[in-house]
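Notes to accompany the following structure.
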Amino acid sequence: PFQLAALPLYQTMRDLGLLGTVWALVLFYSGLQVPFTTFLYIGFLRALPKDFEDAALIDGATPLQAFRFVVFPMVKPVTVTALVLNAVAVWNDFFTPLLYLSGSTQQTVPVAISGFVGQYVSDWNLIFAALVISIVPILAVYFALQRSIINGFAGGLRG
């Protein structure tokens, strides 16, 4: 389980002097999300036919131009899919920011919302209003990129 790996990661962040800073989260999430994103890209790039790149090279494009003008626009769906999946995972994480940012003035939205719940008093109106407000940014990103997300998921279905 992830919680077993949290102790050595916490000690590493402590030794690097990153506890209580956003850089601890940046380093942690980079190490967590880059392999997943790489896996998505490799699967998508292997499914792309090499014929498009070969045609650009035959037409006189350099390998860099072929990548920039032919391959790069074709990876937009998987890029948007990776962006949304990673954003949702990071946005909804509670344990990691609680662990690495505890004792500092910096907090993520889920950790700040948990501060509204007390042992004896809970202001449920405030809690639910904060939850609705916290949903808005990630929902806006999803609606803005909805078509590309669906294309990214369906990209592996084309034969």
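The values are calculated or read from the model by the stated rules, or taken from the named source; none is laboratory data. Here the structure is a predicted model, which means the values were calculated and not measured. Positions of Cβ are backbone-derived with ideal geometry, glycine not excepted, and every protein chain shown enters the neighbour counts.
Summary of values
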read-out: Condition met for PHE36 (in contact (Cβ under 8 Å) with a residue 40 or more places away in the chain and either among the polar types (S, T, N, Q) or more than 17 Å from PHE94 (Cβ to Cβ) (or both)); value: yes
read-out: Within the range 50-144, helices (runs of 4 or more DSSP H) holding 3 or more residues that are within 21 Å of LEU40 (Cβ to Cβ) and among the β-branched types (Val, Ile, Thr); value: 76-92
read-out: Output for the range 5-33, where each listed residue is free of Cβ contacts under 8 Å to residues at least 60 places away in the same chain and either more than 22 Å from ASN86 (Cα to Cα) or not in a helix (DSSP H, G or I) (or both); value: LEU7, PRO8, GLN11, THR12, ARG14, ASP15, LEU16, GLY17
read-out: Of all residues in the range 39-52 being surrounded by 14 or more Cβ atoms within 10 Å (Cβ to Cβ) and not aromatic (Phe, Trp, Tyr), the one that is nearest to VAL88 (Cα to Cα); value: LEU40
read-out: Single residue of ALA89, ALA55, ALA66, ALA140 found to be under 25 Å from GLN33 (Cβ atoms), surrounded by 12 or more Cβ atoms within 10 Å (Cβ to Cβ), out of contact with any Pro (no Cβ under 8 Å at 6 or more places or on another chain) and at pLDDT 85 or above; value: ALA89
read-out: Number of the exception - PRO97 against (1) at pLDDT below 85; (2) within 20 Å of the chain's Cα centre (by Cα); value: (1)
read-out: GLY17 vs. criteria exposed (fewer than 15 other Cβ atoms within 10 Å of the Cβ) and on the phi > 0 side of the Ramachandran plot; value: yes
read-out: Checking GLY159 against (1) more than 30 Å from THR12 (Cβ to Cβ); (2) in a loop (DSSP other than H, G, I, E, B); (3) at pLDDT 85 or above, the condition it does not meet; value: (3)
